[in-house]
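Working notes, structure below.
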Amino acid sequence: MVSDTSRLGFYLLLAPILLWLVVLIILPHVGLFIVSISEKVGPREYETGFANYAAFFNEPLYWRTFARTAIMSILATVLTLILGFPIAYYIAKLTRGRTKTTLFLMCMIPFWVSELVRTFGWMILLRETGVFSNLLQSLGIVDGPVEMLYNDAAIMVGLVYTSILFMVVPLVTTLDSLDDSLIEAGYDLGGTSTSIMREIVIPHAMPGIVSGCIVVFMLSLGNYLTPILLGGKDSLWFTGMIYTQFITRFNWELGSAFGFLLLGLSSLVVFAGLKLSRQSLTDTMGRA
Amino acid sequence: MIPTVPQPAFAKWCYRAYVTAFFIYLALPLTVVCVFAFNNSVFPSLPWEGFTLAWFFGTEAPFIGVFHERAIVRSIGTSAFVATWVSGLAVFVGTCNAFLFVRHDFRGKAFLYVLMLLPLIIPGVILGISILVFSSSIANALEDATGLWFDGLRPGLLLVILGQFSFITTFATLVISARLQKFDPSLEEAALNLGASKWGAIRQITLPFLLPAIVASAVVSVLMSFENFNTTLMLVGSDSPLTIAMFDKLKQGSTPVLNAVSLLLIMVSALLGVLSLLFQGRKA
């Protein structure tokens, strides 16, 4: 029983989402791909070809930066998971009532604050005239000022800091839904802490682990601020290269190819992560 | 492992120490940002030169406070303008999407749902450049065809709004759908039985029920719009929103004015964040 008014209502609801997805997501990405396979042969003259992709593979600086960005993002994801899991477990399983709400809120506050502010905080802490350097000097551990900024470790600290909340929050949500009695039953049946972790807790938390890892990896890969501000002149990041091609060099064709490669990599990793853990995008990302 | 299972005291203390260290790590950068907003020095670093409010209210160089720094004040206005539009659009489309996905069954629904989730896994920079490339190619085509200029399709506030809207809508949709799923349709049927029109029932019964989620998603959208950097960076024209203006200043060298702005941002974000949680958590 579909009346005419409800059919009209259906199309009225369908219009905004289609308009949004087609005009702002699908067509722009198709356009990006078309530009990425255009070669400039003269002023305002283009030919179709894969020269931009060839340029990427022929220039070691480009693909090395790409690989470096990918490896550091994976490392940041793993570190975030290892550091964040015990915290999420503590909040979800070992605290109750008001303490739990307070700790959860404390986790959320940096998550709401602008990424720029968070990165700026790390700059104040780590730079030569910064807080840590002064602290070490006043404790007599070092003689002169130490520069802790502008290296890969600083980037890693910043990446983990920026994204750890996106790991902790979904983990807390999934661990919260695990019934304590299942863990108790595991002990009653003679399980050890490790075997219970491996066979009860981690399988139950899997959707949270996957969604956390996907978001953290994505955010690290697409991060621009942290590597630019905390990394030195030599520590290049792929998004920085995309920015250079687009805004500084005005070479949109090469920039689009870079963008597409980054998109390809992030989709590939997300897809592989979902397949390996047997999760679906709808189940992991579709929870608000 | 859990409170009912006894653990060795040493392990317990190690665990607690780790959790404490983690929360210190979490709080430290934000704390130093706030503290140095009050340092009476032209550089946000040690040594401590004494307490001052000049970075908020100062009028004389080099101590020009936030409220007298024209570029910053203007960029806050720009951010507020962008955030209002983004939030309004995202909540409107998000509410429509929620009704579409919760109330209707149609061919391709699952596919459309996955498509709706995609902006979550596309890096912000890519969203930015794809919209930049697409709108520029439309502008070029239109200009070639008509000989007129289409400035709205060039980097500027319109593109910033569209770029932020393109992924914030997904969040709004998820928050509002989650609440709509909990709605009991029999309430609406009762209203229809009592003689309400379909639209009247939705307006009188369903929308008030959804209101907490709508407000929460509006607040979250404003927050996300204010703090967005990557997408905005690619689409920004001559009017910069706050984060871009701060980034430009930071590249020139940091002054405690940035700390003062950051302190205000932290306070406002924390307030809005708590507000959105309160609205989301409110019982029906």
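Does A:Ile71 count as over 23 Å from the mean Cα position of the chain (by Cα) and closer than 17 Å to A:Gly231 by Cα? Reasoning before the result, please.
Numbers: over 23 Å from the mean Cα position of the chain (by Cα): no; closer than 17 Å to A:Gly231 by Cα: yes.
No, not satisfied.
Number of residues in the range A:33-53 that are modelled with pLDDT of 85 or more and either open to solvent by 40 Å² or more (accessible area, probe 1.4 Å) or within 27 Å of B:Lys109 (Cβ to Cβ) (or both): the value is 2.
Against the definition (open to solvent by 10 Å² or more (accessible area, probe 1.4 Å), more than 22 Å from A:Leu12 (Cβ to Cβ), more than 14 Å from every other protein chain (Cβ to nearest Cβ) and touching a residue at least 60 places away in the same chain (Cβ under 8 Å)), how does B:Ile64 come out, yes or no? Criteria met by B:Ile64.
Let me confirm something: among A:Ile25, A:Ile82, A:Ile37, A:Ile74, which residue is β-branched (Val, Ile, Thr) and facing chain B (nearest Cβ under 8 Å)? Outline the logic, then answer.
Numbers: A:Ile82 fails: facing chain B (nearest Cβ under 8 Å); A:Ile37 fails: facing chain B (nearest Cβ under 8 Å); A:Ile74 fails: facing chain B (nearest Cβ under 8 Å).
When all the criteria are applied, what remains is A:Ile25.
Being more than 7 Å from chain B (Cβ to nearest Cβ) and assigned to a helix (DSSP H, G or I) is the filter here, so list the residues in the range A:90-104 that pass it. It would help to see each step written out before you state the result.
Filtering the range A:90-104 for residues more than 7 Å from chain B (Cβ to nearest Cβ) gives A:91-92, A:95-104.
Matches in the range A:90-104: A:Ile91, A:Ala92, A:Gly97, A:Arg98, A:Thr99, A:Lys100, A:Thr101, A:Thr102, A:Leu103, A:Phe104.
Among the residues of the range B:217-252 satisfying the criterion of being facing another protein chain (nearest Cβ under 8 Å) and closer than 15 Å to B:Leu162 by Cα, which is most open to solvent (accessible area, probe 1.4 Å)? Looking at the filtered set, the residue picked out is B:Phe226. Within the range B:89-98, identify whether any single residue is open to solvent by less than 40 Å² (accessible area, probe 1.4 Å) and farther than 28 Å from B:Ala213 by Cβ, and answer yes or no. Looking through the range B:89-98, none of the residues is open to solvent by less than 40 Å² (accessible area, probe 1.4 Å) and farther than 28 Å from B:Ala213 by Cβ.
In the condition set (1) farther than 18 Å from B:Arg74 by Cβ; (2) of a type outside the set (A, V, I, L, M); (3) over 20 Å from the mean Cα position of the chain (by Cα), B:Asp248 is compliant with all but (1). Checking each residue in the range B:191-206 for being open to solvent by 60 Å² or more (accessible area, probe 1.4 Å) and without any contact (Cβ under 8 Å) to a residue 12 or more places away in the chain picks out B:Leu192, B:Asn193, B:Leu194, B:Gly195, B:Ser197, B:Lys198, B:Trp199, B:Arg203.
Pick from the range B:110-167 the residues that are under 23 Å from A:Leu263 (Cα atoms) and more than 10 Å from chain A (Cβ to nearest Cβ): which of them is surrounded by the fewest Cβ atoms within 10 Å (Cβ to Cβ)?
Taking the range B:110-167 as the starting set, the residues that turn out to be under 23 Å from A:Leu263 (Cα atoms) are B:110-138, B:155, B:159-167.
So of that shortlist, the ones also more than 10 Å from chain A (Cβ to nearest Cβ) come out as B:111, B:159-161, B:164.
Working: B:Phe111: 9, B:Leu159: 24, B:Val160: 31, B:Ile161: 21, B:Gln164: 29.
So, considering only residues that are under 23 Å from A:Leu263 (Cα atoms) and more than 10 Å from chain A (Cβ to nearest Cβ), the one surrounded by the fewest Cβ atoms within 10 Å (Cβ to Cβ) is B:Phe111.
Could you say which residue among B:Phe183, B:Phe209 is in contact (Cβ under 8 Å) with a residue 24 or more places away in the chain, surrounded by 14 or more Cβ atoms within 10 Å (Cβ to Cβ) and in a loop (DSSP other than H, G, I, E, B)? Quick ask: steps written out before the conclusion?
Numbers: B:Phe209 fails: in a loop (DSSP other than H, G, I, E, B).
The unique qualifying residue is B:Phe183.
Here B:Phe171 qualifies as open to solvent by 30 Å² or more (accessible area, probe 1.4 Å), hydrophobic (A, V, I, L, M, F, W, C) and within 8 Å of chain A (Cβ to nearest Cβ).
The values are calculated or read from the model by the stated rules, or taken from the named source; none is laboratory data. It should be emphasised that the depicted structure is a prediction, and the values quoted were computed from it without experimental measurement. Cβ sites come from the backbone with ideal geometry, for glycine too, and all protein chains shown count toward neighbours. Accessible surface areas use protein heavy atoms only, side chains included; no ligands, DNA or RNA. Shrake-Rupley method; radii C 1.70, N 1.55, O 1.52, S 1.80 Å.
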